[in-house]
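Q: First, the structure itself, so that you have it in front of you.
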Amino acid sequence: MPSATAVYLAQAQCGPQDSTISCCVKTHAGNPTRCGATDLEAEDILLFARAAEELSRDLPEWKRACLETYVQCQEDHWSGSCYDCFRYCEGQQGDWPRDKCRKRKGGR
C-alpha cells in the first residue's frame with residue numbers, strides 16, 4: 001500500500017462499530033502487524049473506512065450504489081471478494097457482479 005494512501009486512510013475516525021483491531025489499523029495504517037492484522041485484513045478495514053467516508057460526499061448515483069453494496073457485502077460476510085467486486089462495480093459504473101459476490105445461503 002503506498003504510504004500516501006496509508007496516511008490519508010489513517011485519518012479515518014474510530015467509531016462505536018469498530019473492533020479494537022479495526023481502530024488500531026486505522027490509527028497505525030502503515031504497520032497493521034502491530035495491531036495483529038495481516039496486510040490483507042488491514043486493506044479491507046481501510047477500504048471499508050474509505051467507503052464510509054465517501055458515502056458522506058456528493059457522489060454519482062452509480063458510485064454510491066457500488067459503495068453501499070460493498071459495505072453490505074463486508075458487514076454481512078457475503079461469498080466472494082467484496083473488494084474485487086467493488087472494483088468491478090466501479091469499472092462498470094454501478095453493475096455489481098452478483099454472480100461473484102452475494103449473500104451466503106443458509107447463514108454459512
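Q: Quantify, in whole percent, the carbon and sulfur part of the accessible surface of segment 41-108 (1.4 Å probe; protein heavy atoms only).
A: On the way: 1770 of 4160 Å².
Its accessible area is 43 percent carbon and sulfur atoms.
Q: Taking 7 Å along the Cα-to-C-beta vector as the label spot, tell me the E53-T38 distance in nanometres, rounded to one decimal.
A: Reported label-point gap for E53 and T38 is 2.5 nm.
Q: Around A65, what is the net charge, scoring Lys/Arg as +1 and Asp/Glu as -1 over all other residues with Cβ under 11 Å from its Cβ?
A: Numbers: positive: K63, R64; negative: E61, E68, E90, D95.
That sum, taken over residues with Cβ under 11 Å, equals -2.
The values are calculated or read from the model by the stated rules, or taken from the named source; none is laboratory data. In this text the structure is predicted, and so the values were computed from the model without any measurement. FYI the Cβ positions are ideal-geometry reconstructions off the backbone, even for glycines, and counts take in every protein chain you see. Just so you know, the surface numbers come from the protein's heavy atoms only, side chains and all, with ligands and any DNA or RNA stripped out. Shrake-Rupley method; radii C 1.70, N 1.55, O 1.52, S 1.80 Å.
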